[in-house]
Structure formats: C-alpha cells, structure tokens
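Here the structure is laid out as structure tokens; the discussion comes afterwards.
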Amino acid sequence: MGYTVQRSPTMLGMGISAIGEASGAYIQNQKKLSTYYADIDAGRLPVERGYGTSEDDQLRKHVILELMCNLYLDRADVEAQFGIDFAETFAIELDELAAGP
C-alpha cells in the first residue's frame with residue numbers, strides 16, 4: 001500500500017499485484033501477468049484475494065497512520081472515535097513501550 005495526500009475510505013489498486021482498500025476490506029490484484037490479463041479480457045476484476053478487516057484492525061490502522069503521518073496521537077480522539085478506553089485496549093503495547101528496548 002502506498003500513501004496519499006488526503007485520506008480516503010476507498011483506494012483503488014491499479015495494475016499487477018496492486019493492493020486497494022474499500023468498504024473495510026483489502027483487495028489484491030492478480031500477481032501473475034497472464035492471469036491479470038485473462039481476467040480483464042474475460043470482463044472480470046483481476047482480484048486474486050481479499051481480506052475483510054475487523055474493528056480491531058481498523059483501530060490499529062488508525063493509530064499507526066496517525067503516528068506515522070503526524071508523529072502525534074490524540075488518545076481522547078481515538079477513544080471517542082472508536083468507543084474504547086485507550087489505556088485498557090493498548091495496555092500490553094504501552095507497557096512494552098515503557099520498558100524500552
């Protein structure tokens with residue numbers, strides 16, 4: 001997956017082995033060129049596999065993207081957006097971070 005300058009709930013993967021995201025799922029295009037073209041020629045989407053994300057996947061994705069892109073995370077915002085107690089949900093991770101390498 002790549003990055004975009006703006007957030008979007010839908011990202012279309014274009015080309016061989018591209019990965020897209022839509023409706024809470026990841027979709028990967030065919031990895032083999034001949035299969036990719038065969039699907040297109042047959043009028044099918046060239047999808048090899050998909051993965052539906054859980055609420056926990058979406059929460060963790062949000063936290064990771066915030067930290068990677070903004071170098072900051074507003075815990076209260078995460079709690080409000082996902083209906084969680086941040087310290088409780090991420091207790092193990094926070095303990096590991098506090099312990100250091």
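Read-outs throughout are calculated quantities, based only on the coordinates presented, and are distinct from any laboratory measurement. If you're wondering where the values come from, they're calculated on a predicted model, not measured in any experiment.
Return P(r) of the stretch 1-53 (all Cα-Cα pairs; 10 Å bins starting at 0; whole %; ordered from short to long distances).
Pair shares across the bins are 26, 49, 22, 2.
Between the stretch 1-32 and the stretch 58-101, what is the C-alpha centre distance in whole Å?
Comparing the Cα centres of the stretch 1-32 and the stretch 58-101, I get a distance of 24 Å.
Calculate the all-directions average of the projected area of the chain's alpha-carbon convex hull, and give it in nm². Walk me through the intermediate numbers first.
On the way: hull surface 33.9 nm².
Over every viewing direction, the Cα hull of the chain projects on average to 8.5 nm².
Report, by chain and number, residues whose modeled amide H sits under 5 Å from the one on Ile84, excluding near sequence neighbours (fewer than 5 apart, same chain).
Residues meeting the criterion, in which the H sits 1.01 Å from N, do not exist here.
For the stretch 54-101, take the convex hull of the Cα atoms, compute a quarter of its surface area, and give me that in nm², please.
Values: hull surface 14.4 nm².
That works out to 3.6 nm².
Tell me which residues come under 5 Å, amide H to amide H, from Ser17 once H is placed; ignore anything under 5 positions away on its chain.
Asn29, Gln30, Lys31
Per-residue HN-Hα couplings for the stretch 4-17, Karplus 6.51 cos²θ - 1.76 cosθ + 1.60 at θ = phi - 60°, whole Hz, x for Gly and Pro?
Working through the residues one at a time gives 10, 7, 9, 6, 8, x, 10, 9, 8, x, 10, x, 4, 6 Hz.
When only C-alpha pairs under 8 Å and at least 6 residues apart count, what is the relative contact order of the chain, in percent?
14
What list of ³J(HN,Hα) couplings, whole Hz, do you get for the stretch 91-100 from phi and the Karplus terms 6.51, -1.76, 1.60, once you set θ to phi - 60° and write x for glycine and proline?
Karplus values, whole Hz, x for Gly and Pro: 4, 5, 5, 5, 5, 5, 5, 5, 6, x.
When the helix-only estimate is applied to the chain (DSSP H runs of n ≥ 4, each -39,500 (n - 2.57), divided by the residue count), what is the mean residue ellipticity at 222 nm, nearest 500 deg cm²/dmol?
After summing the helix terms and dividing by residue count, I get -13000 deg cm²/dmol.
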